[in-house]
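*Asks:* Have a look at this one.
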Amino acid sequence: MKKEDILTKIAKNRIGAETLETRNSDSLDFYDISVWALKEMLEQAYEAGRKAK
């Protein structure tokens with residue numbers, strides 16, 4: 001799985017983002033998330049990168 005696909009999957013599962021592409025719309029490009037949700041997403045991305053090596 002490509003890096004972009006992994007990151008999109010994490011974002012979709014945690015905050016419901018369908019894509020990480022810029023869509024030039026505030027309601028589609030900005031999310032109100034908690035710091036613990038951000039931390040969880042960063043940890044998942046870190047683990048995915050660690051496992052890919």
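Read-outs: derived from the displayed coordinates by stated rules, not from any lab. Since this is a predicted model, take the numbers as computed values, not measurements. Note that each Cβ is placed from the backbone with ideal geometry, even for glycine, and that neighbours are counted across all protein chains shown.
*Asks:* Can you pull out the chymotrypsin sites (Phe, Trp or Tyr not before Pro) in the chain whose DSSP state is coil and whose Cβ has at most 10 other Cβ atoms within 10 Å?
*Replies:* Phe30
*Asks:* Tell me which of Asn24, Met1, Ala11 sits at the most positive position along the dipole axis of the chain, charges placed on C-beta atoms (Lys, Arg +1; Asp, Glu -1).
*Replies:* Met1
*Asks:* In the set (i) 29, 9, 6; (ii) 42, 10, 4; (iii) 21, 14, 7, which value of semi-axes √(5λ) of the Cα gyration tensor in Å was calculated from the structure you see?
*Replies:* Among (i) 29, 9, 6; (ii) 42, 10, 4; (iii) 21, 14, 7, the one derived from this structure is (iii).
*Asks:* Nearest 10 degrees, 0 to 90: what angle lies between the long axis of helix 35-52 and the longest principal axis of the chain (Cα atoms)?
*Replies:* 40
*Asks:* With everything on Cα atoms, drop me the angle between helix 3-15 and the longest principal axis of the chain, reported from 0 to 90° to the nearest 10.
*Replies:* 60
*Asks:* Would you mind calculating the relative contact order of the chain from Cα pairs under 8 angstrom and at least 6 residues apart, reporting the percent as a whole number?
*Replies:* 35 percent.
*Asks:* Run lengths n ≥ 4 of DSSP H only: what is the helix-derived mean residue ellipticity at 222 nm for the chain, with -39500 (n - 2.57) per run over all residues, to the nearest 500? Write out the running numbers ahead of the final one.
*Replies:* Working: 3 runs with 35 residues, N = 53.
After summing the helix terms and dividing by residue count, I get -20500 deg cm²/dmol.
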